[in-house]
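*Asks:* Pasting a structure below so you can have a look.
Just so you know, all these numbers are worked out from the coordinates, no wet-lab data involved. Since the model is a prediction, treat every value here as computed from it, not as a measurement. We place every Cβ from the backbone using ideal geometry, glycine too, and count neighbours over all the protein chains shown.
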Amino acid sequence: MKSITSIDKFKEGESIQGFYLCFEKHIRHNRNGDLYIDLRLRDKSGSINAKIWDNVKVLNQKFESGDPVAISGDVESFMERPHLIIKKINRASVQYYGRYGYDPSLIVPSSNFNASDMWKSIVRIIKSINSNYLRRLVSIIYKDNKEVLMTHPATINLHYNFRSGFLEHTLSMAKIAENLIKHYNVDRDLLLAGIFLHDIGKIVEISSDLESNYSDKGKFIGHTMLGRDIVRNTLKKIKNFPKDTQTKLEHIIISEEAKYASDNKIAPKIPESLLLLLIKNIDSKMNLFSMTLDKSYDDGNWTDSHNFFRTSLFKGNDDKK
């Protein structure tokens, strides 16, 4: 087996071999009515569209969406972007492909920051919350769910959509908040507790293994209500938790994705909920901007316009090098 090629190294006209995660798979018909397989692949370096045109019925039996796969194929260009034409594909496992270099860590996009270090930073901030009630609430929830939180993504397809993305996003928001709390004279304890808990329902909403997807509860209920349920269930362990604080915290959780409109009953109604909403918007958009630049395959100083922002983004140039 020749050397493994990561997706960010794909170049038009080259034949590649490597290990990837198939996170989308669709059986389709071409204009002549013949079957082909349309799929998307991912590794730590990025993602790419791929097609299987030949031997479709046989190759279709060898893998499913969500599987790690061993692939050989040719890189072509479609709509000015790299596209992989697959010649061979098999489900990958350490047992059968470990001797060829397969490791699950190769195919799972991960935070650039160490998860253990981020956890320690988060714990330090939680310990700095002055309110005994809020500090205990956040501490219990984070300790009870540490194993999941250490690797969970923040989203499936948007900001921080990688291993340990939840921790990175939450820690980033907390750091931004620390710089704004005094300026806007908001309740530090309530805002920080809201930051740590506003997305906690995502540990139920998103089922995360090699490939993240929505759970049934996530699709039916959504992470805001699931998060409020986690908080309410945990509060049963804390005697005499202030009812007004509970109400405000629950409001922060269920209003974190709300928009102001005449008929919106859950839009932010306290400064802490509004500030959290704005902090989240800043941090998520800046992360999406950075990921767009990092994943750009385009030559020159600009990305193409096929991205979240729907416009070309400036990547910089070599003038300062």
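*Asks:* To the nearest 20 debye, what is the magnitude of the charge dipole of region 119-209 about its Cα centre, counting +1 on the Cβ of each Lys and Arg and -1 on the Cβ of each Asp and Glu?
*Replies:* On the way: 12 positive and 9 negative charges, 84 e Å.
Result for region 119-209 is approximately 400 debye, rounded to the nearest 20.
*Asks:* Now for a different question. Before rounding to the nearest 500, sum -39500 (n - 2.57) across all DSSP H runs of length at least 4 in the chain and divide by the residue total; then give [θ] at 222 nm in deg cm²/dmol.
*Replies:* Rounded to the nearest 500, it is -12000 deg cm²/dmol.
*Asks:* Please identify every one of the trypsin sites (Lys or Arg not before Pro) in region 5-113 that sits in a loop by DSSP and has no more than 12 other beta carbons within 10 Å of its own beta carbon.
*Replies:* Lys11, Arg31
*Asks:* Using Cα atoms only, what is the angle between the long axis of helix 243-254 and the major principal axis of the chain, expressed in degrees (0 to 90) to the nearest 10?
*Replies:* On a 0 to 90 degree scale, this one is about 20.
*Asks:* Considering Cα pairs under 8 angstrom that are at least six residues apart, work out the relative contact order of region 189-279 and quote it in whole percent.
*Replies:* Answer for region 189-279 is 29 percent.
*Asks:* Taking Cα atoms, how many degrees apart are the long axis of helix 165-184 and the longest axis of the chain, rounded to 10 and kept between 0 and 90?
*Replies:* Between the helix axis and the principal axis of the chain, the angle is about 40 degrees.
*Asks:* Is region 1-96 best put as rounded, prolate or oblate by its Cα gyration tensor, with a ≥ b ≥ c the root eigenvalues, rounded for a/c under 1.5, and otherwise prolate when a/b is larger than b/c, oblate when not?
*Replies:* Taking the square roots of the gyration eigenvalues as a ≥ b ≥ c, region 1-96 is oblate.
*Asks:* For Leu249, Leu171, Leu35, which order do you get if you count the other beta carbons within 10 Å of each Cβ and list the fewest first? Working shown, then result.
*Replies:* Numbers: Leu249 26, Leu171 21, Leu35 13.
Arranged by neighbour count, lowest to highest, Leu249, Leu171, Leu35 become Leu35, Leu171, Leu249.
*Asks:* So in the chain, what percent of DSSP beta bridges are antiparallel if you round to the nearest 5?
*Replies:* Of all bridge pairs located within the chain, approximately 90 percent are antiparallel.
*Asks:* Report relative contact order for the chain in percent, whole number only (criteria: Cα-Cα under 8 Å, sequence separation at least 6). Provide the component values of the computation, followed by the final result.
*Replies:* Details: 531 pairs, mean separation 38.9, N = 321.
That works out to 12 percent.
*Asks:* I would also like to ask the following. Roughly how many debye, to the nearest 20, is the charge dipole of the chain about its Cα centre, given +1 on each Lys and Arg Cβ, -1 on each Asp and Glu Cβ, and no other charges? Each step should come with its number before you reach the end.
*Replies:* Values: 48 positive and 40 negative charges, 211 e Å.
It comes to approximately 1020 debye.
*Asks:* Additional query: From the square roots a ≥ b ≥ c of the eigenvalues of the alpha-carbon gyration tensor of region 115-291, which class results: rounded (a/c under 1.5), prolate (a/b over b/c), or oblate?
*Replies:* Because its axes are fairly even, with a/c under 1.5, region 115-291 counts as rounded.
*Asks:* Still on this structure, I have one more. Tell me, what HN-Hα J-couplings in whole Hz come from the Karplus equation 6.51 cos²θ - 1.76 cosθ + 1.60 at θ = phi - 60° for each residue of region 97-109, using x for Gly and Pro?
*Replies:* Per residue, the Karplus-derived 3J(HN,Hα) values read 10, x, 5, 9, x, 6, 9, x, 5, 6, 10, 10, x Hz.
*Asks:* Express the relative contact order of region 7-106 as a whole percentage, based on alpha carbon pairs under 8 Å and six or more residues apart in sequence.
*Replies:* Reported relative contact order: 30 percent.
*Asks:* Can you tell me the 0 to 90 degree angle between the C-alpha axis of helix 271-294 and the longest principal axis of the chain, rounded to 10?
*Replies:* 20 degrees
*Asks:* Please report the net charge: other residues with Cβ closer than 11 Å to the Cβ of Ser212, K and R +1, D and E -1.
*Replies:* On the way: positive: Arg42, Arg163, Lys202; negative: Glu205, Asp209, Glu211.
The answer is 0.
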